[in-house]
Amino acid sequence: MKVIFFAQSREAAGRDEYVLETAKPLTETEFWAALVSALPALAPHQKTARLARREEYVLAGELLFPDDEIAVIPPVSGG
């Protein structure tokens, strides 16, 4: 699963993207557990960041599949 980071999540991860190795679909909770295990600095972001797939936010209960590209999008403010 390819994970792409934006804004503060990119800074916390220290990279633009990461490949999360998984052979099975993951819930959002399982995804965050695996990601934070690999990149602990992202722990504070899991409560506020949204996940997106195919340019749409992931809805509660949706599974994330091994071939998905997942974007980690921190909260944004506009003006």
For the chain, Rg(Cα) over 2.2 N^0.38 Å is 1.01
Taking every other residue with Cβ under 15 Å from the Cβ of LEU26 and scoring Lys and Arg +1, Asp and Glu -1, one gets -4
Net charge (Lys, Arg +1; Asp, Glu -1) of residues whose beta-carbon lies under 12 Å from that of ALA41, ALA41 excluded, is +1
Counting Lys and Arg as +1 and Asp and Glu as -1 over every other residue whose Cβ sits under 10 Å from the Cβ of ARG10, the net charge comes to -2
Mean accessible area per residue over region 1-58 (1.4 angstrom probe, all protein chains present, square angstrom) is 62 Å²
Per the helix-only model, the chain has a calculated mean residue ellipticity at 222 nm (DSSP H runs of ≥4, -39500 (n - 2.57) each, divided over all residues, rounded to the nearest 500) of -6500 deg cm²/dmol
In the chain the accessible area split gives carbon plus sulfur, as whole percent at 1.4 Å, a share of 53 percent
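The values are calculated or read from the model by the stated rules, or taken from the named source; none is laboratory data. Being a predicted model, the structure only gives us computed values, none of them experimental. Ideal geometry is used to build each Cβ from the backbone, glycine not excepted, and the neighbour counts take in all protein chains shown. When the accessible area is computed, the model is the full protein with side chains, heavy atoms only, and any ligands, DNA or RNA have been set aside. Shrake-Rupley method; radii C 1.70, N 1.55, O 1.52, S 1.80 Å.
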